[in-house]
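The values are calculated or read from the model by the stated rules, or taken from the named source; none is laboratory data. All values derive from a computational prediction rather than experimental measurement. Counting neighbours? That spans all protein chains shown, and the Cβs are built from the backbone with ideal geometry, glycine included.
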Amino acid sequence: MGNTDQPVVRMSSITKRFLGVTANQDISFDLYKGEICALLGENGAGKTTLMNILFGYYTSDEGQIFIKGEKADLSSPRDAILRGVGMIHQHFALVPSQTVLENIVVGTDSGKGIFLDLKSARQALIELQERFGLQIDPEARVWTLSVGEQQKVEILKALYREVDILIMDEPTAVLGPAETADLFKTLRSLAKEGRSVVFISHKLNEVMEISDRIVVLRGGRVVAERKATELNTRELANLMVGRDLLEDIEKKELPPGQPVLKIENLNALNDKKLPALRNLDLVVRENEIVGMAGISGNGQKELSEVLFGMRPPVDGLVEISSRPLKFGNPAAAIRSNMGRIPEDRMDTGLLMDLSVEENLILENHSSAEFHSYGLMKSKRIHQFSEDLIARYGIKTAGRDAVTKSLSGGNLQKLMLARELAGKPVLIIASQPTRGLDVGAMAYIHQRILQERERGAGILLISEDLDEIFSLSDRIVVIFEGEIMGEARGTAVSREQIGLWMSGVTA
Amino acid sequence: MIRFRIIKREPLPGWAKIVIPIAAIVVTLILSAIPILLAGGHLWKSYFYLFHGALGTRYNLLETFVKSSPLLLTGLAVAFAFRAKFWNIGAEGQLLAGALTATALGIHLGSIPTVLVLPTIIISGFLAGGIWASIPALLKTKLKVDDVVSTLLLNYVMIHIMGTLLFGPLQQPGSSWPRSSAIIEAAQYPILMVKSRFHMGIIISLVAVFVIWFINKKTTFGYQSRAVGVNVRAAHFGGINTTSVILWTALISGGLAGLAGVGELCALQYRLIMDISPGYGYSGIVIAMLGNLHPVGVLFSSLFFSVIIVGAQTMSRMTGVPTYIAEVIQGMALMVMLIFLLFTEYKIRAVRK
C-alpha cells in the first residue's frame, strides 16, 4: 500500500460463464483512487456482469479480485459493502412505503440492541447531505419522490455505508437532462474526495463528458482502455460496436395524409389521482412521425396508457382512423389497428416467463386465424412465430425459449415484431429505444421509418432529443400534461425545445 | 472458519423437473425412518408392510386407487387455480358444497328417469363447487379482496352451512345424529370391479387429469390463464379479459373439488355426515405443490399420498407403529419438496474465512 499508482480495485483474468455462454472472457480491470471510470459497451457486452462480480452478486468462474491491495473472496454483496464497494442497480432497491431515513438505515447496525437509533442516523445523514449537496427530506416517503430523487437516496445509502468505490449501472437511463447534470455534479464531488466511481453506460456523449478513463467491452472482452481526452465520439462508437455505426438517417420526403389519430380535450389523472393530462389536443397523420419531447413525468406515461386502453381518462375524445376509441379497454385499442409499444416492456409489454411464441401471439391468439372453437391451431401458430423471428432477426434459442433469456435489444425486436405484424395504421411508440445499445437503436429507428413509408402514422414519445430530431416530421413538447409548443421538425432549434420542455412559452 | 452461503444458481435443465420429485420422495422415506424407529417399529418390517399394505394384494391395490380419487381431484383443483395465480385454499369448502348438493339431489331425485340421476348429480355437484369458488374470485376481481384469506374462510362458512342443514332440513328423520338419510340407489356410483370399492369416480378423476392437461396445453383458455398467471398487467395489455379468465379458472377449480365431494358421497358414504372429508381439500394443496402444479405430476403425487395413507393402516396393525405416521410422512414430503424446489434456484457454498 502507499503507492498512489496502486489501484483500489484490481480484477485480474475474470471469466464468467452462464450455461455455456461466456459473459466475461479473461477480463482484467483496474480502478484507481479518485477517478471516474466509464465501462462502455453494447447490451450484452458483459459490463453489468463484471460489476456484479465485483459487488459479490455473482462469483467468477476464474480470476481474482483485489480490493485495496487485499485479495477478496466475495460471496455476497455484504462482503463487498464491508470492503467499501457499493453498487446502484438500474432498478432501485428501496421500500416505497418507508421514509428516506428508514430506507437508508435498514440493514445497517445503527442502533442500540434491537432498537433503531434514528436520531443519530438522521444527524449523520444530514451531514452527508450537506457534504455532497444531496438535498432530500429524510422524512419523505420514498413513493412520493421522483426517480432522480430516489437515485439520490440510493447514493446516500451507499455513502452512509461508507462506500468509497461506487458502481452505477446505467444511472442516466431514467433521468431527464437536468437530473443528469445534477448527478454528474455529485459524482464529480465524490471523485474529488478521493472516492472512485464506475459508470456503466452505452451513451457516448455522457461517457465523454463525465469520465476520466474509459474501458470499452465488446462480446465479453476488453477491446480498449483510454483516457477520455484521447478519444472522440465517433472513435468510441467504432470501438464499442466494432463498426462505424453513428447513424446517418435518411428520410424520404412524404406529404402527410389523412389523420389517423385525433385527440381532443383529453383529461386524465395519474396513479396518485392528480391531473396528468390537461385538455390535450393532438393530431397524427398518415406518413407522419410526430415526436413528443418532454421531461419524464409530464404526462407522457398517462397519455400512452390512455391510448393503449390501460387508463380510462376523465374526459375527452380520441379518434383512430375517424372512429372513436373505446376507453379503458386494451382489446378495443388492439381492434382499432394500433401498434402499441409501451415504455416498460418487461412489466406491461411482455410476458417474460412465457415463451417467445406465446408473446408473439398475445394480441391475436383469439383471432379466427389461430383457433377454432377454442382450440389453438398450433401449426399455424408455429409458422407465424417462426416467420416473425426470422423476419425481425430475433436472436433466440427458438420459439419455445423463455422470453426472459433474451437480451434487451431482442426483447424490443420481439415487441416490434408482434406490434407491427398486423400492419397498424397508427403506432404509439413510448421510449422505444430506452436502454438499448447503438446497434439495436439503429434497427428500431430504421423500422419506424419503414412503417412511415408504408403509410402508418407514428407518435414517438421520447426523452432522447437526438432521436426526436432525427426522426420526427413534426415535434410537439409536453409539459405538465399540456402541449407547450409545436413545430416542423427542421424549423426549430434545440434551445426552443429546451425552453418549452421547462414550461417557458415565448 | 467455514461459513455457508446461499447463492443463486443457473437454471437447471429440463430433466430436473422429473428427477427432483422422485428424489424428494426417496429422501422423505429415508427421513421417515426416524419417527418410525422412535415409535419402536422395526424399520424393514415397517416399510415392507407400508408398501405391502398399499400395493401387495388386489384389494389393497384397488383400495389405494379408491383413496387417491378425492386427493387427485382436489390436487387438480388447487393446481389449476394456482397456475393462474388464483390462490384457492378453499378446496375443502368446495368439496363439501359438492357433497351437500349430491346429498340433496340424491335423496330427492327419485322422480326422474334413472339414467339421468347420476349425470344430474355430477353436473350439479361440479357447479356447486364452482359457484362456491367463484365467490372469492368475484371478490378478488371486483373488490381486490385477498383470495388466500377469502377462500380459506369460506371453508368454515361451508362447514357451518353443512352443520345447520344436517341438524335441520337434511337430518335423517328420527335420527339425533347430524347425518342425512341415504341417497337412492340410482344416485350411487357403479362399482366397476367385483369384491372391491373401485368405483366410477376413479375413472372420472383420471379423465379429469387428461381434461386439465388438454385445457392447459391445447386451448386458448389454457393460454390465457397461463398469461394471467405470469403477469396480469401484461395479459390485460394484450387484450385478455383477465376478470373472466380468473372467474372461469375459479369455476373449473371449484368444480373439480366439488366432484371430489360427489364421489365421496355417492361411492363410499351414501349419506352425508359431518366428517365426510378428513381434510382432502387441504391435502390437495400439498399434492398440487408436490406435483409441481402439473396434472400428471398431481396424478403421481396423489397416488404416493394414498399409498402412504392406505399402507399406514397395515403397517400399524402389523408393527404397532401408529397410523399417524402417515400424516408425519405427508408433512415431511411437503417440506422436503419445498426445500428441493428452493435448491433448484439456489445452492449452498462453503466459504473459507
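Considering only residues of segment A:347-384 that are among the polar types (S, T, N, Q) and over 24 Å from the mean Cα position of the chain (by Cα), which is farthest from A:A421 (Cα to Cα)?
Per the criteria, the residue is A:S372.
Tally time: how many residues in segment B:215-268 are under 23 Å from A:E305 (Cα atoms) and in contact with an Asp or Glu (Cβ under 8 Å, 6 or more places away or on another chain)?
Final tally of qualifying residues: 7.
Condition test on B:I287, is it surrounded by fewer than 24 Cβ atoms within 10 Å (Cβ to Cβ), in a helix (DSSP H, G or I), out of contact with any strand residue (DSSP E or B) (no Cβ under 7 Å at 6 or more places or on another chain) and away from chain A (no Cβ under 14 Å)?
no
Before we move on, is A:R391 more than 10 Å from chain B (Cβ to nearest Cβ), over 25 Å from the mean Cα position of the chain (by Cα) and either free of Cβ contacts under 8 Å to residues at least 40 places away in the same chain or surrounded by 14 or more Cβ atoms within 10 Å (Cβ to Cβ) (or both)?
yes
Which residue, of A:Q383, A:Q412, is closer than 19 Å to B:G238 by Cβ and more than 13 Å from chain B (Cβ to nearest Cβ)?
A:Q412
Is it true that B:I161 is surrounded by fewer than 18 Cβ atoms within 10 Å (Cβ to Cβ), touching a residue at least 12 places away in the same chain (Cβ under 8 Å), assigned to a helix (DSSP H, G or I) and not aromatic (F, W, Y)?
yes
Count, please, the residues in segment B:179-236 that happen to be of a type outside the set (A, V, I, L, M), farther than 29 Å from A:K379 by Cβ and out of contact with any Cys (no Cβ under 6 Å at 6 or more places or on another chain).
The total comes to 13.
Going by what's in this entry, would A:E419 be described as charged (D, E, K, R) and within 21 Å of the chain's Cα centre (by Cα)?
Yes; evaluated as a whole, the condition is true for this residue.
So which of A:L420, A:L414, A:L459 is surrounded by fewer than 22 Cβ atoms within 10 Å (Cβ to Cβ) and out of contact with any His (no Cβ under 9 Å at 6 or more places or on another chain)?
A:L420
Kindly indicate the residue of segment A:372-392 that is part of a helix (DSSP H, G or I) and of a type in the set (S, T, Y) and also modelled with the lowest pLDDT among those meeting that condition.
A:S378
In segment A:407-423, what residues are in a helix (DSSP H, G or I) and aliphatic (A, V, I, L, M)?
Result: A:L411, A:L414, A:M415, A:L416, A:A417, A:L420.
Taking segment A:132-148 as the search range and keeping residues that are exposed (fewer than 14 other Cβ atoms within 10 Å of the Cβ) and in contact with a helix residue (DSSP H, G or I) (Cβ under 8 Å, 6 or more places away or on another chain), which one is modelled with the lowest pLDDT?
That would be A:G133.
Could you list all residues from segment B:218-245 that are touching a His at 6+ places or on another chain (Cβ under 6 Å) and more than 7 Å from chain A (Cβ to nearest Cβ)?
Scanning segment B:218-245 gives a single hit, B:T242.
Find the residue count for segment A:355-364, including only residues that are at the interface with chain B (Cβ under 7 Å from one of its Cβ atoms) and in contact with a helix residue (DSSP H, G or I) (Cβ under 6 Å, 6 or more places away or on another chain).
1
Can you give me the number of residues within segment A:308-343 that are within 21 Å of the chain's Cα centre (by Cα) and more than 9 Å from every other protein chain (Cβ to nearest Cβ)?
3
I'd like the full set of residues that are surrounded by 13 or more Cβ atoms within 10 Å (Cβ to Cβ) and more than 9 Å from chain B (Cβ to nearest Cβ), limited to segment A:365-380.
A:E369, A:K377, A:R380
Just name the residue that is surrounded by the fewest Cβ atoms within 10 Å (Cβ to Cβ) out of those in segment B:308-332 that are at pLDDT 85 or above and touching a Phe, Trp or Tyr at 6+ places or on another chain (Cβ under 7 Å).
Filtering first and then ranking leaves B:M318.
With the structure loaded, tell me whether B:A23 is more than 14 Å from every other protein chain (Cβ to nearest Cβ) and of a type in the set (G, A, S) or whether it fails that test.
Criteria met by B:A23.
List the helices (runs of 4 or more DSSP H) that sit entirely inside segment A:43-116 and contain at least 2 residues that are surrounded by 14 or more Cβ atoms within 10 Å (Cβ to Cβ), away from every other protein chain (no Cβ under 14 Å) and at pLDDT 90 or above.
Of the helices (runs of 4 or more DSSP H) lying wholly inside segment A:43-116, those with at least 2 residues that are surrounded by 14 or more Cβ atoms within 10 Å (Cβ to Cβ), away from every other protein chain (no Cβ under 14 Å) and at pLDDT 90 or above span A:47-54, A:100-105.
Would it be correct to say that B:I252 is within 14 Å of another protein chain (Cβ to nearest Cβ), closer than 30 Å to B:P113 by Cβ, under 18 Å from the mean Cα position of the chain (by Cα) and touching a residue at least 40 places away in the same chain (Cβ under 8 Å)?
Yes.
So, B:L116, is that one free of Cβ contacts under 8 Å to residues at least 24 places away in the same chain, more than 23 Å from B:R226 (Cα to Cα), part of a helix (DSSP H, G or I) and hydrophobic (A, V, I, L, M, F, W, C) or not?
The answer is yes for B:L116.
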